[in-house]
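*Asks:* Below is one structure. I have some questions about it.
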Amino acid sequence: MKMKRTLQPYVAKDKIVFGYGNESLVRSLPYTKKNEELVKKLDRYDTNDIDKYTLDELNTVKKWAKKGLLTNNQYNDDKYSRNINFFEWIDISENTDPVKYQQQLSQKEVLIVGMGGIGGNIAEILTRLGVKRFILLDFDKVDASNLTRQSVFQEKDIGYSKVLTVKRYLKEIDSSVGVITIEKKITTKQDLDEVYKQYDFDLALCCADKPEIVIDYWFDDLSEKYGKPFIAGSYASTVINYTCIRPGKTESLRKFYSENMITDENLLENKAPTSIIAPISYMAAGLIAYRAFYELVDLRNEIPDAIQIDLLNWQVMCYDLNE
């Protein structure tokens with residue numbers, strides 16, 4: 001084991017502080033010359049170099065490991081090295097092997113319904129994160145308006161199947177990724193139920209906007225029926241949001257919506273047109289993918305089950321859905 005370099009320890013008066021700049025990560029040790037020297041030694045030598053450490057130092061190291069200050073990270077330049085450094089950084093447990101979180105991601109399968117302004121971008125992000133298995137569902141073809149907000153499509157893709165285009169794109173990022181494509185329009189809960197019956201995925205992402213609202217309720221019902229978590233995520237002009245439902249742990253989506261949903265009443269006869277630009281689409285996808293990441297690994301899970309961010313005024317609303 002070595003000292004976690006990602007926590008960048010420094011001396012502040014009578015303490016050695018770790019994780020400065022991120023309040024939830026900050027830990028400290030009493031400042032003594034002895035502790036300072038041991039911190040520096042742990043950066044130079046692995047504890048496997050037993051001749052470099054006294055018995056007293058090794059006993060101290062064990063205590064520091066329980067505070068989440070030590071790691072077995074090799075700090076190399078392998079493909080997922082930056083991911084692994086990040087996992088090390090945010091892990092406040094006594095786990096010393098951040099590689100295990102990368103391994104967990106590689107063993108997960110994710111269902112993404114809807115390859116619109118969010119779904120395709122999420123698929124790309126999760127692929128780069130290290131998820132290796134996907135089920136992608138959409139019935140639509142790529143059109144020109146998709147090119148302004150979706151990284152997975154190009155001009156040459158216009159007119160072609162969205163799910164097949166995304167599959168090709170993901171495999172260009174990582175040829176080892178397994179992608180099941182379903183070209184189907186979900187019009188009833190039974191349509192979605194058939195997907196739940198057939199595939200044994202770990203997490204479902206509802207990125208479809210039709211049928212409006214009701215498709216979120218279908219996911220809610222099937223999440224409870226099959227005991228699988230799901231995330232409903234979307235944007236509305238400048239507002240991005242997600243709601244993560246975990247059966248047996250959170251309240252239902254129906255209950256949450258009944259207490260927090262904004263009315264859809266409108267004085268105009270014509271429905272409001274889609275209003276979106278790439279930065280907002282990308283931020284929504286990143287926000288949802290980040291929540292998905294926490295659902296797929298056994299790391300700290302203290303981020304909100306539901307969040308809404310208004311990107312005009314940066315107002316953030318967080319919700320705790322724990323039962």
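*Asks:* Identify, please: which residue in the stretch 273-303 is touching an Asp or Glu at 6+ places or on another chain (Cβ under 9 Å) and modelled with pLDDT under 95 and is, among those, surrounded by the most Cβ atoms within 10 Å (Cβ to Cβ)?
*Replies:* Leu299
*Asks:* How many residues are surrounded by 19 or more Cβ atoms within 10 Å (Cβ to Cβ), small (Gly, Ala, Ser) and within 17 Å of Ile173 (Cβ to Cβ) if we restrict to the stretch 81-120?
*Replies:* Residues meeting the conditions: 2.
*Asks:* Would you check if there is a residue in the stretch 55-64 being hydroxyl-bearing (Ser, Thr, Tyr), in a loop (DSSP other than H, G, I, E, B) and open to solvent by 30 Å² or more (accessible area, probe 1.4 Å)? Give the steps one after another, and end with the answer.
*Replies:* Restricting attention to the stretch 55-64, the residues satisfying the condition of being hydroxyl-bearing (Ser, Thr, Tyr) are 60.
Remaining after also requiring in a loop (DSSP other than H, G, I, E, B): none.
Scanning the stretch 55-64 turns up no residue that is hydroxyl-bearing (Ser, Thr, Tyr), in a loop (DSSP other than H, G, I, E, B) and open to solvent by 30 Å² or more (accessible area, probe 1.4 Å).
*Asks:* Please pick out the residue among Glu88, Glu57 that is of a type in the set (Asp, Glu), touching a Ser or Thr at 6+ places or on another chain (Cβ under 6 Å) and closer than 25 Å to Ser28 by Cα. Spell out how you get there, then give the answer.
*Replies:* Details: Glu57 fails: touching a Ser or Thr at 6+ places or on another chain (Cβ under 6 Å).
When all the criteria are applied, what remains is Glu88.
*Asks:* Would you check which residues across the stretch 1-30 are open to solvent by 50 Å² or more (accessible area, probe 1.4 Å), in a helix (DSSP H, G or I) and either closer than 26 Å to Asp49 by Cα or at pLDDT 95 or above (or both) and list them?
*Replies:* Answer for the stretch 1-30, where residues must be open to solvent by 50 Å² or more (accessible area, probe 1.4 Å), in a helix (DSSP H, G or I) and either closer than 26 Å to Asp49 by Cα or at pLDDT 95 or above (or both): just Arg5.
*Asks:* Considering each residue of the stretch 304-323, count those that are on the phi < 0 side of the Ramachandran plot, in a loop (DSSP other than H, G, I, E, B) and open to solvent by 40 Å² or more (accessible area, probe 1.4 Å), and give that number. Please lay out each step first, then the result.
*Replies:* Going through the stretch 304-323, the residues on the phi < 0 side of the Ramachandran plot turn out to be 304-313, 315-323.
Next cut, in a loop (DSSP other than H, G, I, E, B) only: 304-305, 311-313, 320-321, 323.
Cutting the leftovers down to open to solvent by 40 Å² or more (accessible area, probe 1.4 Å) gives us 312-313, 320, 323.
Adding up the residues that qualify gives 4.
*Asks:* Against the condition of a type in the set (Ser, Thr, Tyr) and either farther than 18 Å from Tyr294 by Cβ or at pLDDT below 95 (or both), how does Ser93 come out, does it pass? Walk me through it before giving the result.
*Replies:* On the way: of a type in the set (Ser, Thr, Tyr): yes; either farther than 18 Å from Tyr294 by Cβ or at pLDDT below 95 (or both): yes.
Taking the combined requirement at face value, the residue satisfies it.
*Asks:* Something else: Which residues, counting only those in the stretch 227-242, are under 17 Å from Gln315 (Cα atoms) and among the β-branched types (Val, Ile, Thr)?
*Replies:* So in the stretch 227-242, the residues under 17 Å from Gln315 (Cα atoms) come out as 234-242.
Residues satisfying the conditions are Thr238, Val239, Ile240.
*Asks:* Next question, about the same structure. Go through (1) farther than 20 Å from Ile180 by Cα; (2) assigned to a loop (DSSP other than H, G, I, E, B); (3) in contact with a strand residue (DSSP E or B) (Cβ under 9 Å, 6 or more places away or on another chain) one by one and return the number of the condition Glu88 breaks.
*Replies:* For Glu88, the exception is condition (2).
*Asks:* Another question about this same structure. Working only within the stretch 143-179, note down all residues that are of a type in the set (A, V, I, L, M, F, W, C) and open to solvent by 60 Å² or more (accessible area, probe 1.4 Å). Before you say what the answer is, go through the steps one by one.
*Replies:* First, pick out the residues of the stretch 143-179 that are of a type in the set (A, V, I, L, M, F, W, C): 144, 147, 152-153, 158, 163-164, 166, 170, 173, 177, 179.
Correct list: Ala144, Ile158, Leu164.
*Asks:* Moving on. In the stretch 147-175, which residues are within 21 Å of the chain's Cα centre (by Cα) and polar (S, T, N, Q)?
*Replies:* Hits for the stretch 147-175 are Gln150, Ser151.
*Asks:* Restricting attention to the stretch 267-298, which residues are more than 18 Å from Gly114 (Cα to Cα) and in contact with a Phe, Trp or Tyr (Cβ under 6 Å, 6 or more places away or on another chain)?
*Replies:* Val297, the sole residue that qualifies.
*Asks:* Sticking with this one: Collect the residues in the stretch 195-225 that are open to solvent by 40 Å² or more (accessible area, probe 1.4 Å) and charged (D, E, K, R), keeping them in residue-number order.
*Replies:* Lys197, Asp200, Asp202, Asp209, Lys210, Glu212, Asp221, Glu224, Lys225
*Asks:* Right, here's the next one. Quick one: which of Tyr160, Tyr226, Tyr199 is among the hydroxyl-bearing types (Ser, Thr, Tyr), in contact with a strand residue (DSSP E or B) (Cβ under 7 Å, 6 or more places away or on another chain), under 24 Å from Val297 (Cα atoms) and at pLDDT 95 or above? Before you say what the answer is, go through the steps one by one.
*Replies:* On the way: Tyr160 fails: under 24 Å from Val297 (Cα atoms); Tyr226 fails: in contact with a strand residue (DSSP E or B) (Cβ under 7 Å, 6 or more places away or on another chain).
Result of the check over Tyr160, Tyr226, Tyr199: Tyr199.
*Asks:* Please identify the pairs in which a residue from the stretch 281-300 that is in contact (Cβ under 8 Å) with a residue 12 or more places away in the chain and among the aromatic types (Phe, Trp, Tyr) has its Cβ atom under 8 Å from the Cβ atom of a residue that is assigned to a loop (DSSP other than H, G, I, E, B) and buried (at least 21 other Cβ atoms within 10 Å of the Cβ), counting only partners at least 6 apart or on another chain.
*Replies:* These pairs meet every condition: Tyr282/Arg149.
*Asks:* I'd like to check something: does the stretch 127-145 contain any residue that is touching a Leu at 6+ places or on another chain (Cβ under 7 Å) and either on the phi > 0 side of the Ramachandran plot or among the small types (Gly, Ala, Ser) (or both)?
*Replies:* Taking every residue of the stretch 127-145 in turn, at least one turns out to be touching a Leu at 6+ places or on another chain (Cβ under 7 Å) and either on the phi > 0 side of the Ramachandran plot or among the small types (Gly, Ala, Ser) (or both).
*Asks:* Given the criterion of a type outside the set (Gly, Ala, Ser) and in contact with a Phe, Trp or Tyr (Cβ under 6 Å, 6 or more places away or on another chain), identify the matching residue among Tyr75, Tyr101. If you could, list the steps in order and put the result at the bottom.
*Replies:* Working: Tyr75 fails: in contact with a Phe, Trp or Tyr (Cβ under 6 Å, 6 or more places away or on another chain).
On inspection, the qualifying residue turns out to be Tyr101.
The values are calculated or read from the model by the stated rules, or taken from the named source; none is laboratory data. Being a predicted model, the structure only gives us computed values, none of them experimental. We place every Cβ from the backbone using ideal geometry, glycine too, and count neighbours over all the protein chains shown. We work out accessible area using only protein heavy atoms, side chains counted, and drop any ligands, DNA or RNA first. Shrake-Rupley method; radii C 1.70, N 1.55, O 1.52, S 1.80 Å.
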